[in-house]
Each structure stands twice: as C-alpha cells, then as structure tokens.
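Enquirer: First the structure, then my questions, so here it is.
The values are calculated or read from the model by the stated rules, or taken from the named source; none is laboratory data. Keep in mind that this is a model prediction, so the values were computed, not measured. A quick note on method: Cβ atoms are made from the backbone with ideal geometry, for glycine too, and the neighbour counts reach across all protein chains shown.
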Amino acid sequence: MKYWLKQIAIFSVIFLIMSFAVDTWRTKDIDRQALPALQGKTTTNEVIDLKALSFEQPVLVYFWGTWCPICSVVSPSINTISEYYPTYSVAMQSGNNETLQAYMNEQQYQFNVINDNNNRMAQSLGVQVTPLVMVISQGELVNFTTGYVSLFGLWWRMAWASW
C-alpha cells in the first residue's frame, strides 16, 4: 500500500509540473503585466468593458468556440459559475450573432457572450488556444489556465481573486 501511495504522489507531482509547463507555453504571448483594453459587444448588443468591470469585483473571462470539443465540456461549468460570479465569454470564430445565439439557446447556456468572430479581442491579448479561462481583478490578470478546467477549479480561482 505504501508503495502505491508513493507512486500516486510522484505521478501527481509530475502531472502538476507538466500541466503548469504546458499552460505556460500555451499562454506565452499573453502580457501578464499590462492588459489591453478589453471591450466588446455581446450578442444582445450590450457594450462591455471587461477591464473596467474588474475594478468592481473579479471577472471571469472565458475564451472559447462553438467548434472546440474541450469547450463543450468546460462550458457547462462556466454556465454554473456565471450564476454566482460576473462571467463573460468571448466566442472566437463562432459565426454571426444569430448563429451564436441559436447555439447558446440550444445548449441552454445563460452566460454573457461577446462575439469575437474576427478574433480581434483574442489577438490583442495573445490568445492562441481554447478554452482559456482568465480571472481579471483591479484591471490585472490574476489567474489563467488553458484546456479543461473543472467547476471546482473555477470556484477556487474566483474565490482566490475575491480575497
């Protein structure tokens, strides 16, 4: 039993190190010091300034696409957390507003969506992979991760930023 616990602990440490390294490599183009203006228009034509909103309370920003298979696994967790924290998603290359809104309705997602069909917002940040989850507080990027993230991981990131 002791042998297996040791093996699990070693594997866990290696997994965490590898996850951190992959995350760092995937987000190497994101400027962690100075975020650009993060403004966009939602599918309901509401103009949103994510950076300005983050001065009121931490904001979760979710870069995703309707075409992204991992996003289809992460989006339900984003939908759940959006009931408790300010959450805005940026849909990359996911069609026009009508197509995107039809997808949102079909999936029964309630989170706010900024349609970044031409990838301007994503490019201004250096986003190259989806899904990407960022937490912005006081105008600064305080946490981010790429790939799959669990509901617990989202809760933890938002709670950490709220302290």
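Condition check ((1) surrounded by 10 or more Cβ atoms within 10 Å (Cβ to Cβ); (2) modelled with pLDDT of 75 or more; (3) small (G, A, S); (4) outside any strand (DSSP E or B)) across all residues:
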position: L5; (1), (2), (3), (4): no, yes, no, yes
position: F11; (1), (2), (3), (4): yes, yes, no, yes
position: I17; (1), (2), (3), (4): yes, no, no, yes
position: D23; (1), (2), (3), (4): yes, no, no, yes
position: D31; (1), (2), (3), (4): yes, no, no, yes
position: L35; (1), (2), (3), (4): yes, yes, no, yes
position: G40; (1), (2), (3), (4): yes, yes, yes, no
position: T44; (1), (2), (3), (4): no, yes, no, yes
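Enquirer: Which members of the stretch 71-93 meet the condition of being over 24 Å from W156 (Cβ atoms), crowded, with 16+ Cβ neighbours inside 10 Å and either at pLDDT below 95 or not small (G, A, S) (or both)?
Expert: M92 - this is the single residue of the stretch 71-93 that is over 24 Å from W156 (Cβ atoms), crowded, with 16+ Cβ neighbours inside 10 Å and either at pLDDT below 95 or not small (G, A, S) (or both).
Enquirer: Taking only the stretch 54-69 into account, find how many residues are crowded, with 16+ Cβ neighbours inside 10 Å and either touching a residue at least 40 places away in the same chain (Cβ under 8 Å) or under 12 Å from the mean Cα position of the chain (by Cα) (or both).
Expert: 10
Enquirer: In this structure, does Q138 turn out to be in contact with a Phe, Trp or Tyr (Cβ under 9 Å, 6 or more places away or on another chain) and exposed (fewer than 15 other Cβ atoms within 10 Å of the Cβ)?
Expert: Criteria met by Q138.
Enquirer: Considering (1) under 12 Å from the mean Cα position of the chain (by Cα); (2) closer than 19 Å to V73 by Cα, say which one L141 fails and leave the rest.
Expert: (2)
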